[in-house]
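Contents: one structure, followed by commentary.
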Amino acid sequence: MPEGQCAGIVGGGIGGLTAAIALRKAGWDVTVYERAPEFTEVGAAVVLFPNALAALDEIGVGEQVRSKSLPYSSGAIRNLRGQSLVTRRIGDLAGGRDLVTIHRADLIDALVRAIPAECLRTGVRVTSVGVDGGIVTDGDTARYDLVVAADGVHSVVRQQIWPGEGTVVHTGVSAWRWIIDGPPPDFVGQVWGIRGEFGILPLVGDRTYAFAGAQRGVDSLEHFADWPEPVSQLVVNADPARIIVNELLEIRTPKLLTRGKVALIGDAAHAMRPHLGLGAALAIEDAVTLAAYAHDLAGYTKARRRRVLTVQWISRHMSTVVMPESRPLAAVRDVAVRLTPDILALSVFGVINRWRPRPIETR
Ligand SMILES: Cc1cc2nc3c(=O)[nH]c(=O)nc-3n(C[C@H](O)[C@H](O)[C@H](O)COP(=O)(O)OP(=O)(O)OC[C@H]3O[C@@H](n4cnc5c(N)ncnc54)[C@H](O)[C@@H]3O)c2cc1C
């Protein structure tokens with residue numbers, strides 16, 4: 001590759017910022033366009049599995065991220081009667097170590113700090129791109145050797161360059177997420193109930209991340225108000241001003257993840273249900289893989305498509321496992337999960353979390 005290759009990155013979320021660091025490691029000049037006035041992430045917190053941390057290690061920010069994270073390996077999974085559904089802890093299922101929780105703002109901050117300020121343009125909305133590498137913003141135009149579409153589930157780049165593909169699917173599933181000032185209660189992990197799931201995770205700085213998900217038709221946190229402690233207490237005490245509510249959306253991933261000089265990464269390519277907690281992790285994997293294949297974009301699609309479709313498929317089907325529609329189905333779920341040999345659970349989660357990045361050639 002000749003020297004002086006330039007990449008324009010549309011979107012400065014977890015995927016776009018990771019791509020900036022990874023491409024710089026591969027010798028590219030980068031410009032990140034972010035429409036928000038500053039790099040912030042309002043989505044509460046995130047779990048990072050070993051695959052995500054390995055990718056962050058590849059680009060030299062793993063330790064920085066770990067220093068702002070707390071281990072989550074001891075998380076448990078219970079049902080509504082307080083019974084443990086799996087004998088192993090979540091960390092064991094995920095490969096034993098390097099499973100952490102981090103406030104999203106801390107993750108974004110760690111990524112931004114690894115990118116020179118002159119590469120970052122905030123308050124700039126990209127209005128269109130071309131397969132020839134052109135980027136048009138509200139104020140100017142520029143031409144790049146590579147355009148990275150990291151502009152999230154409603155990606156304007158995907159809509160423009162992949163017309164008729166990448167449909168947004170409304171799942172009807174609602175999610176509530178919020179941060180609580182104060183350490184977590186005694187129980188840390190997830191409660192899998194009927195038509196809903198609830199998670200309680202520790203964060204650095206004596207904070208707690210709480211999240212709830214519920215099937216179509218459940219439109220209020222009230223659904224969880226009579227769940228066993230500590231869930232009901234957290235719901236009753238939740239500050240409505242701090243709660244982020246979304247409907248979960250999926251993207252039907254396009255057949256090719258690149259067209260001309262444009263490559264899709266992260267939620268723009270494959271937004272998925274968060275039951276495995278891997279959406280951001282896959283955005284990070286995409287970004288680091290793209291940098292390794294930046295000179296061979298067809299190789300990027302080959303390296304990524306099957307993996308993202310597999311994780312998306314499992315995440316979709318996890319919805320019925322973690323929040324079945326009725327009490328009898330929940331009873332069947334409880335028995336089935338408890339009878340599932342650890343070895344099977346370990347192999348499913350192991351395959352997902354054992355992913356390791358292709359090394360980026362530093363130029
Ligand atoms: C309830 C919930 C819980 C989750 N929990 C986890 C978890 O525990 N672990 C995990 O790995 N994942 C989790 N995820 C998934 C994760 O949040 C996403 O997969 C991840 O944030 C996607 O990152 P991204 O950079 O691709 O997109 P985004 O975070 O959406 O970033 C896109 C960026 O592009 C910018 N942008 C958009 N359009 C333009 C434009 N035209 N011009 C300039 N800028 C633009 C936006 O402002 C934004 O900053 C969860 C998701 C949900 C909904």
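For E34, the conditions (1) more than 30 Å from I194 (Cβ to Cβ); (2) free of Cβ contacts under 8 Å to residues at least 60 places away in the same chain; (3) in contact with a strand residue (DSSP E or B) (Cβ under 7 Å, 6 or more places away or on another chain) all hold with the exception of (2).
Could you grab me the full set of residues in segment 184-205 that are in contact with a Pro (Cβ under 8 Å, 6 or more places away or on another chain), more than 18 Å from L99 (Cα to Cα) and without any contact (Cβ under 8 Å) to a residue 40 or more places away in the chain?
Matches in segment 184-205: none.
If we only count helices (runs of 4 or more DSSP H) wholly inside segment 30-146, which ones have 3 or more residues that are modelled with pLDDT of 95 or more and more than 12 Å from the ligand (Cβ to nearest atom)?
Values: elements: 50-58, 62-67, 90-93, 104-112.
In segment 30-146, the matching helices (runs of 4 or more DSSP H) lie at 50-58, 62-67, 104-112.
If only one of A214, A263, A271, A283 is over 15 Å from R306 (Cα atoms), buried (at least 22 other Cβ atoms within 10 Å of the Cβ) and within 12 Å of the ligand (Cβ to nearest atom), which one is it? Before the answer, list the steps.
Details: A263 fails: within 12 Å of the ligand (Cβ to nearest atom); A271 fails: over 15 Å from R306 (Cα atoms); A283 fails: over 15 Å from R306 (Cα atoms).
Exactly one of A214, A263, A271, A283 is over 15 Å from R306 (Cα atoms), buried (at least 22 other Cβ atoms within 10 Å of the Cβ) and within 12 Å of the ligand (Cβ to nearest atom), namely A214.
Per the listing Q160, Q233, the residue uniquely more than 16 Å from the ligand (Cβ to nearest atom) and of a type in the set (S, T, N, Q) is Q233. The set of residues in segment 224-252 being buried (at least 19 other Cβ atoms within 10 Å of the Cβ) and closer than 21 Å to I314 by Cβ consists of L248, E250, I251. Out of L278, L290, one residue alone is within 22 Å of A7 (Cβ to Cβ), among the aliphatic types (A, V, I, L, M) and under 23 Å from the mean Cα position of the chain (by Cα). It is L290. Being in contact with a Leu (Cβ under 7 Å, 6 or more places away or on another chain), among the hydrophobic types (A, V, I, L, M, F, W, C) and touching a residue at least 60 places away in the same chain (Cβ under 8 Å): is that true of V235 here? The answer is no for V235.
The values are calculated or read from the model by the stated rules, or taken from the named source; none is laboratory data. Please read these numbers as outputs of a predicted model, since none were measured by experiment. All Cβ positions, even for glycine, are placed from backbone atoms using ideal geometry, and neighbour counts span all protein chains on display.
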